Ligand code: RIB
Ligand code: CA
């Protein structure tokens, strides 16, 4: 039985086609679980970040086998950021990048066409597609470099990255942007409409060990897979940054693509810092058009203040409807 919520969304998004560009990764995996049930996923492209390209690609294949979706093609992307040396995050995602669940080596194989080529070809073939991006933006930027015309064919990018407040990998920078700031700069200056789930938003998707017990109560193959993922991820987060829970960062980007009412946002100009000694990789969000108090206080009405700075290039997520988010997620997991 597909839950009522999902039925509504499938009607709304039934014709909208998506590529998921990711670095699975525990939260990437749950983002795929949510998106795959509600949206028409044309393919998954992988990018190094949480782990190396080989490992995140193997993980994407494993996730699709758990979901029994072997028909969704997986196109491996870049193992190297545009300029800087790859940094990975084994302290959060483990040596496999998906530590926790015990999964067999995947029987399905990755595609031969690389991620950037697949993105470019798919946009040209389908004319209008959207992207859910939950890793570094290397593949997307490379596809734009390869085929600049695709910037007109990408309807929207729902991405997890950056922050309207402070970072995680550095005080200023969030990991996905930090891994490849040059690629992020290319994408944020491409003119493609972006919906940005920054850390300020995704930290509202926090789950504790008590919260994830519901996954054991749902007690199906996918819910128990998610339990094993989050059991590990909460443990590694606690060990690494002394946080007694985990944030479902990437799931927010997928959820926004499924149901646009879940997140309140503000249109802002966002620029990616490339040169700052302490701020390289920061997503610099221009809040100056707000009354300058607390951006969240301006959410319920657009301010009449004259806009300062450059025109907006991004909808910056500020407020998550936490109850509706988790209801959608658990209903979706229940429906597998
Ligand atoms: O900063 C959080 C992001 O970095 C998430 O996408 C997580 O999967 C890691 O890639
Ligand atoms: Ca990710």
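The values are calculated or read from the model by the stated rules, or taken from the named source; none is laboratory data. Given the structure is predicted, the values throughout are model-derived calculations rather than measurements. Note: ideal-geometry Cβ built from the backbone for every residue, glycine included; neighbour counts use all protein chains shown.
Of the set (1) in contact with a helix residue (DSSP H, G or I) (Cβ under 6 Å, 6 or more places away or on another chain); (2) within 12 Å of ligand 1 (Cβ to nearest atom); (3) assigned to a loop (DSSP other than H, G, I, E, B), all apply to residue 177 but (3). A single member of 186, 124 is away from ligand 1 (no atom under 12 Å from the Cβ), farther than 15 Å from residue 45 by Cβ and touching a helix residue (DSSP H, G or I) at 6+ places or on another chain (Cβ under 6 Å), and it is 186. Scanning the range 154-169 for residues that are within 14 Å of ligand 2 (Cβ to nearest atom) and assigned to a loop (DSSP other than H, G, I, E, B) yields 161, 162, 168, 169.
Of the residues making up the range 274-286, just one is in contact with a strand residue (DSSP E or B) (Cβ under 6 Å, 6 or more places away or on another chain) and farther than 18 Å from residue 160 by Cβ, namely 286. Residues in the range 170-188 that are in contact with a strand residue (DSSP E or B) (Cβ under 9 Å, 6 or more places away or on another chain) and within 14 Å of ligand 2 (Cβ to nearest atom): 174, 176, 177, 184.
Residue 44 passes every criterion in (1) at pLDDT below 95; (2) within 17 Å of the chain's Cα centre (by Cα) apart from (1).
When you scan the range 1-10, do you find a residue that is within 24 Å of residue 262 (Cβ to Cβ) and modelled with pLDDT of 95 or more, even just one? Looking for residues that are within 24 Å of residue 262 (Cβ to Cβ) and modelled with pLDDT of 95 or more, one finds none in the range 1-10, hence no. Considering each of 70, 76 in turn, give the residue that is within 13 Å of residue 109 (Cβ to Cβ) and either crowded, with 24+ Cβ neighbours inside 10 Å or in contact with a strand residue (DSSP E or B) (Cβ under 7 Å, 6 or more places away or on another chain) (or both). Just one listed residue meets the conditions, 76. Of all residues in the range 238-258, those satisfying the criterion of being part of a helix (DSSP H, G or I) and out of contact with any helix residue (DSSP H, G or I) (no Cβ under 8 Å at 6 or more places or on another chain) are 238, 241.
State which residue is nearest to ligand 2 (Cβ to nearest atom) when the search covers only the range 200-222 and only residues that are surrounded by fewer than 24 Cβ atoms within 10 Å (Cβ to Cβ), under 20 Å from the mean Cα position of the chain (by Cα) and assigned to a helix (DSSP H, G or I). For the range 200-222, the residue satisfying everything is 205. Among the residues of the range 38-50, those identified as more than 10 Å from ligand 2 (Cβ to nearest atom) and buried (at least 24 other Cβ atoms within 10 Å of the Cβ) are 38, 44, 45, 46, 48.
Comparison of 136, 141, 183 shows that the only residue that is surrounded by 23 or more Cβ atoms within 10 Å (Cβ to Cβ) and within 14 Å of the chain's Cα centre (by Cα) is 136.
Exactly one residue out of 250, 231 is within 10 Å of ligand 1 (Cβ to nearest atom) and within 22 Å of residue 25 (Cβ to Cβ), and it is 250.
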